[in-house]
Structure formats: structure tokens, C-alpha cells
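This report concerns only the one structure given below.
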Amino acid sequence: MSDFLSLTSVWAAVLTLGVFLLGNWLNTKAKAVWCNPILIGSILVIFVLRLGGVPYSEYKEAASVLTWLVLPATVSLAIPLYEQWVLLSKHMFSILAGILCGVLVSIGCVLGLSRIFHLNHSFAVSMLPKSVTSAIGMDISAQLGGISSLTVSVIILSGIIGNLLSPVLCKVLHITNPIAKGVAIGTSSHAIGTSKALEMGQIEGAMSSLAIAVAGIITAILCPLAASFLPL
Amino acid sequence: MDQVKNAGAFLTGLFPLLFIPGAAGIMEFFPILLSLWLPILIILIPVTILVFGVAGNVTQWFIGRKNCV
């Protein structure tokens with residue numbers, strides 16, 4: 001039985017690693033935006049699971065070796081943050097102002113669009129925390145009566161959009177300062193975006209990591225207030 | 001610091017790999033996503049881009065102003 005179990009966890013890790021390497025290879029071969037390891041990897045995993053008729057829960061359980069590593073990896077985000085501490089404290093005001101404005105725009109737009117589309121209360125509050133990390137976003141959504149599966153989905157998709165587009169967006173939107181790049185990525189697309197920020201540079205990575213936490217806290221404070229503007 | 005720096009860089013470098021199992025989880029929610037595809041699409045893509053632009057440009061503007069003074 002234990003042999004069988006270790007075998008089952010190996011297949012999920014091998015599958016994930018395989019699709020990741022494939023995505024990475026495509027990424028280095030073709031420089032196109034969509035050749036992104038997370039996007040290609042997760043689409044291929046979904047494809048393989050559907051093809052093999054394997055339920056997601058089984059894969060998730062077997063891949064827990066990988067998801068377990070998310071925690072220590074998240075803790076290691078503190079290292080670039082520590083190393084950029086001087087820069088961070090020097091520009092603290094600018095950084096906080098950027099994150100606050102980003103969060104206000106995010107919540108404001110979701111509120112406005114929910115009204116335009118006549119989304120019901122639970123759908124709308126599910127999307128309010130779309131730009132923050134799932135640990136915080138899920139709690140906000142649950143507390144306000146949202147649907148957690150919808151919240152997780154929009155959070156993941158926002159992250160993938162940020163991861164895909166951040167290099168292009170920095171260029172198009174004329175964001176050249178590495179601190180501003182990091183703030184933009186972390187505020188709009190949390191940890192999944194941050195993994196791209198870390199590839200862009202140490203300052204970008206550090207500021208993006210900080211923005212995840214700060215944007216999460218501000219969103220947690222403002223969402224209940226925002227939800228009160230929604231029709232029940 | 002030197003003792004943890006390499007391990008930390010290794011772990012954060014793994015992030016894209018570690019997010020794949022979680023991201024694949026949206027396959028469970030395809031029905032709900034499809035039923036709301038238009039509002040979700042509009043809330044997701046333009047709003048994420050707008051938040052990106054506002055957060056980045058506000059920070060950049062304040063940093064620029066500070067450096068000028």
C-alpha cells in the first residue's frame with residue numbers, strides 16, 4: 001500500500017514537472033507572451049487529467065509534495081525584501097500610495113462593473129478580492145457571503161494575466177522604475193505575478209512581495225465597506 | 001544571510017512550478033466560469049491591467065517627484 005501511495009504521488013509530481021519543463025522550453029524557444037510555463041503547464045495538466053478521466057482532487061492530493069513547498073517558498077520572499085530594506089524605507093510613502101491607489105481602483109471597478117452587469121450579491125463579493133493573494137481573498141469572500149470557488153478562479157486568472165502581461169504592460173504603460181514595476185505586479189496579480197517580478201530583478205521581486213501583503217491587508221479592510229454599496 | 005540566500009533563491013525560483021497544481025484547479029469551476037464568462041472576462045482583463053497601470057504609475061510619479069525636489 002505504501003509503495004502504491006508513493007507511486008501515486010510520483011506521477012503527479014512528474015506530470016507537473018514535465019509540463020513545467022515543456023512550458024519553460026517553449027518559453028525560451030518562442031518569445032511569445034502566451035508561451036508561459038504556468039499557463040501552458042496548467043492547461044496541459046487539465047488536458048491530461050480530462051483525457052485520463054482522473055478527478056482533480058486525486059491529482060491535487062498526489063501533487064501535495066509540490067504545494068507543500070509553497071509555504072517555505074513564500075517565506076523566502078522575505079529574503080529579497082530584507083536585502084532591499086534601505087530602498088524600501090526610503091520610498092515607503094510612494095510605495096504605499098501606489099498600492100493604495102491600485103486597490104481602490106480594483107475595488108471600485110469591480111463594484112461598478114457588478115452593477116452594470118447586474119451581478120447578484122454573492123457573485124459580486126466573490127470578485128471583489130480578485131487581485132489579492134488567495135489566502136486573504138478566500139477569507140474576505142467567505143466572510144461577505146461569496147462563493148469561494150469563484151473567488152479562487154478569478155484570483156488564479158488575475159495572477160496568470162499579470163504573470164503573462166507584466167513585461168509588456170511595463171513597456172506600454174511606461175513603467176520604467178523597478179520599484180514601480182514591482183508595486184504594479186504585486187498589487188494587480190499577487191504571488192503568481194510576483195514569480196515573474198522575481199525573474200525581472202531583485203528590486204522588482206522585493207517590492208512585488210511587499211505589495212502582496214499590503215494590498216491584501218488594505219483589501220481586507222475596504223471590502224466589507226465596498227460590499228455595503230452592493231444591492232443585496 | 002549567506003546561509004539562506006541560495007536556498008531562498010532556489011525556492012522562489014520554483015514558484016511557477018509550484019503554482020501549476022493550484023492553477024489547474026480552475027478545471028473544477030468551469031461550469032460557473034462559463035455561466036458568467038462575459039462579466040468575468042471584463043472584470044478580469046481590463047481591470048487587472050488598469051490596476052497594474054495605476055499602482056505602477058502612482059508609485060513612479062511619487063518617486064520622480066521626490067527625486068526632483
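The values are calculated or read from the model by the stated rules, or taken from the named source; none is laboratory data. Everything numeric in this text was worked out from a predicted model, so none of it was measured. Don't worry about glycine lacking a Cβ; one is built from the backbone with ideal geometry, like all the others, and counts go over all protein chains shown.
Only one residue in A:Ala197, A:Ala191, A:Ala180 is part of a helix (DSSP H, G or I) and more than 8 Å from chain B (Cβ to nearest Cβ). Which one?
Answer to the selection: A:Ala197.
Would you call A:Thr194 crowded, with 24+ Cβ neighbours inside 10 Å and of a type in the set (Val, Ile, Thr)?
Answer is yes for this residue.
Please enumerate the residues belonging to segment A:75-97 that are within 9 Å of chain B (Cβ to nearest Cβ), closer than 29 Å to B:Asn6 by Cβ, crowded, with 16+ Cβ neighbours inside 10 Å and not acidic (Asp, Glu).
A:Ser76, A:Leu77, A:Ile79, A:Pro80, A:His91, A:Ile95
Of all residues being surrounded by fewer than 23 Cβ atoms within 10 Å (Cβ to Cβ) and β-branched (Val, Ile, Thr) in segment A:128-159, which is nearest to A:Gly205 (Cα to Cα)? Just the residue, please.
Going through the qualifying residues, I end up with A:Thr133.
If you take the residues of segment A:152-165 that are within 7 Å of chain B (Cβ to nearest Cβ) and polar (S, T, N, Q), which of them is farthest from B:Met27 (Cα to Cα)?
Selected residue: A:Ser158.
Name, by its number, the condition in (1) surrounded by fewer than 16 Cβ atoms within 10 Å (Cβ to Cβ); (2) modelled with pLDDT under 90 that does not hold for A:Asn36.
All conditions are met except number (1).
Could you check segment A:17-40 and list, in sequence order, the residues that are farther than 19 Å from A:Ser64 by Cα and more than 10 Å from every other protein chain (Cβ to nearest Cβ)?
A:Leu22, A:Trp25, A:Leu26, A:Thr28, A:Lys29, A:Ala30, A:Lys31, A:Ala32, A:Val33, A:Trp34, A:Cys35
Looking only at segment A:126-151, count how many residues are facing another protein chain (nearest Cβ under 7 Å) and part of a helix (DSSP H, G or I).
Total satisfying the criteria: 3.
May I ask you to verify whether A:Ile79 is over 30 Å from A:Trp11 (Cα atoms), out of contact with any Asp or Glu (no Cβ under 7 Å at 6 or more places or on another chain) and free of Cβ contacts under 8 Å to residues at least 40 places away in the same chain?
The answer is yes for A:Ile79.
What number of residues in segment A:98-115 are within 9 Å of chain B (Cβ to nearest Cβ), farther than 20 Å from A:Ala135 by Cβ and either of a type outside the set (Ser, Thr, Tyr) or out of contact with any Leu (no Cβ under 8 Å at 6 or more places or on another chain) (or both)?
Counting residues in segment A:98-115 that are within 9 Å of chain B (Cβ to nearest Cβ), farther than 20 Å from A:Ala135 by Cβ and either of a type outside the set (Ser, Thr, Tyr) or out of contact with any Leu (no Cβ under 8 Å at 6 or more places or on another chain) (or both) gives 7.
Does A:Ser94 meet the test of being part of a helix (DSSP H, G or I) and in contact with a Lys or Arg (Cβ under 7 Å, 6 or more places away or on another chain)?
yes
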